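Structure record follows, encoded as structure tokens.
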């Protein structure tokens, strides 16, 4: 999956788009990569648009849209002490009132993602990237079977 994600490098960030080399947003980037890698099949036509004004919504409204979309094809987990996310896992950062910006783990702490103001880019250290920095993170496993416990412990 990481190999597929890297083929999107230099694709501009375009809200609501999903065409490799032309434009993509962070959520549709996740879904397109998961589909192309054959990990899960997500019906992109049913992938609802998330308002570009997501940061103006109440936290519960924003979370019910973005995180619920990611939970359509992943299982959330908590990091156990001393563990790190695995290649292909998805991280979501808290932006403003809610968790609403995502990327794939390449090899922790390296990530790849689509970010406003940038093309799809590899960030060498998630904690030094302009979109993630020191923001709180949530972790999702796209390889886990849907229907497993919604929150897993990464042990």
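Would you mind ranking 66, 29 so that the residue whose beta carbon has the fewest other beta carbons within 10 Å leads the list?
66, 29
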Determine the gain in length on full extension of the stretch residue 80-residue 44; use 0.36 nm per residue of separation and subtract their C-alpha separation, reporting nm with one decimal.
9.7 nm
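Every number here is computed from the coordinates shown, using simple stated rules; none is lab data. Because the structure is a prediction, the values reported are computed rather than measured. When we count neighbours, we look across all protein chains shown, and the Cβ atoms used for this are built from the backbone with ideal geometry, even at glycine.
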